[in-house]
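Notes to accompany the following structure.
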Amino acid sequence: MALLCSRLTITLVLFVLILGSVNAQLSTNFYYSSCPKLLSTVKSTVQSAISKEARMGASLLRLFFHDCFVNGCDGSILLDDTSSFTGEKNANPNRNSARGFEVIDDIKSAVEKVCPGVVSCADILAITARDSVEILGGPTWNVKLGRRDAKTASQSAANNGIPAPTSNLNQLISRFSALGLSTKDLVALSGGHTIGQARCTNFRARIYNESNIDSTFASTRKSNCPRASGSGDNNLAPLDLQTPTTFDNYYFRNLVQKKGLLHSDQQLYNGGSTDSIVRGYSTNPGSFSSDFASAMIKMGDISPLTGSNGEVRKNCRRVN
């Protein structure tokens, strides 16, 4: 009996260890010994980039989103096209839109100086997203690290995996749910649109054709986004009219007033199941901040490459 009990105990311990290793692949102190200057090195480079152009913070945050939503947070969005494969940079959601790649190059170079060959590009994206939000006045959180870099990328997965600005609420909920993110995570993460800009081509249909939009707001946006397709397609407008370079809860206040710029934004407050979450965030910035931080940690957990999978790229734009 004693032998049976001890065997059961050993089996249970092994099971817990295996289960733990699945959940504990990433850790906040992963580079504690191997690259002690990592966080300060990344932050100073991000700070420098944002001080040159405030919009860059939103662009860097978006790179992390668009990386994680395509086969997990694996740095695949950073790979340039080659003769042997087509990467994600020219996928519909990224072409003429994803930006900040040179800043990631600068951060990688700075990190390589302090600890060569140690830190993955996927982890650099995760830290950079956090630093961008914090520098622009938003919450901070402890970033889990230990991801490795993909050796390939997928344009088709990027075309299919990143929610389009034309998405309706059910499509948004479904896509986030498929990645293990709840409806609350969806609304909180959409709050990342409190910073940054969108191109006319992504909101033209909303300002000219939709009725659930504040008329004065629509007129303001029409002045810089002509009705005719092909005219002014790349003209920009702030996703948050009031404070486009400050990370706050104005995005949600705008939605309540029918001033969401993208169709997918206003879908979160349009008589559906997410209205109450939007209302809550519009009056309680603290609750939005804490939920956003939690959702960012969850998003960072999507299908990371760890252990002997993937690699640590020397140059974020190409495989070793």
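Quick look at the numbers
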quantity: The chain, accessible area per residue, ligands and nucleic acids excluded (1.4 Å, Å²); calculated: 45
quantity: Net lengthening on full extension, Asn320/Val118 (0.36 nm per residue, minus Cα-Cα); calculated: 71.4 nm
quantity: Full-extension gain in nm, Asn142 to Val256, via 0.36 nm per residue minus C-alpha separation; calculated: 37.9 nm
quantity: Difference of contour (0.36 nm per residue) and Cα-Cα distance, Ala54 to Asp106; calculated: 17.0 nm
quantity: Computed helical MRE - 222 nm, the chain, DSSP H runs ≥ 4 contributing -39500 (n - 2.57), nearest 500; calculated: -15000 deg cm²/dmol
quantity: Within segment 154-194: backbone nitrogen closer than 16 Å to the Ser287 label point (7 Å, Cα to C-beta); calculated: 183-189, 191
quantity: Directionally averaged projected area (convex hull, Cα atoms, segment 138-264), nm²; calculated: 9.7
quantity: Normalised contact order of segment 179-273, rounded percent, pairs of Cα under 8 Å and 6 or more residues apart; calculated: 36
quantity: Those trypsin sites (Lys or Arg not before Pro) in segment 201-299 that DSSP places in a loop and that have at most 14 other beta carbons within 10 Å; calculated: Arg227
quantity: The chain: DSSP helices with Cα axial extent of at least 24 Å and average Kyte-Doolittle hydropathy no lower than 1.6; calculated: 2-23
quantity: Kirkwood-Stokes translational diffusion coefficient of segment 168-224, alpha-carbon pairs, 25 °C, 0.890 mPa s, µm²/s; calculated: 185
quantity: Among (i) 71, 43, 32; (ii) 70, 45, 40; (iii) 76, 48, 36, the entry that matches Cα extents along the principal axes in Å as calculated here; calculated: (iii)
quantity: Gln242/Asn90 FRET efficiency (R0 30 Å; Cβ-Cβ; nearest 0.05); calculated: 0.35
quantity: Principal semi-axes in Å for segment 63-130 [√(5λ), Cα gyration tensor, largest first]; calculated: 21, 13, 11
quantity: Once the Cα gyration tensor of segment 25-178 is diagonalised, semi-axes √(5λ) in Å; calculated: 25, 18, 16
quantity: Gln197 long-range amide H proximity, modeled H, under 5 Å; calculated: Leu239
quantity: Separation of the Thr82 and Ala178 label points, Cα + 7 Å toward Cβ, nm; calculated: 2.8
quantity: The chain - percent relative contact order, Cα under 8 Å, separation 6 or more; calculated: 24
quantity: Longest to shortest principal axis, alpha-carbon extents of segment 195-260, angstrom; calculated: 33, 24, 15
quantity: Segment 137-202-segment 241-320 distance, computed between alpha-carbon centres (Å); calculated: 7
quantity: Carbon plus sulfur fraction of accessible area for the chain, probe 1.4 Å, in percent; calculated: 52
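The values are calculated or read from the model by the stated rules, or taken from the named source; none is laboratory data. Computed from a predicted structure; not experimentally measured. Please note: Cβ atoms are built from the backbone with ideal geometry, for glycine as well, and neighbour counts cover all protein chains shown. Quick note on the areas: whole protein, heavy atoms, side chains included, nothing else; ligands and nucleic acids left out. Shrake-Rupley method; radii C 1.70, N 1.55, O 1.52, S 1.80 Å.
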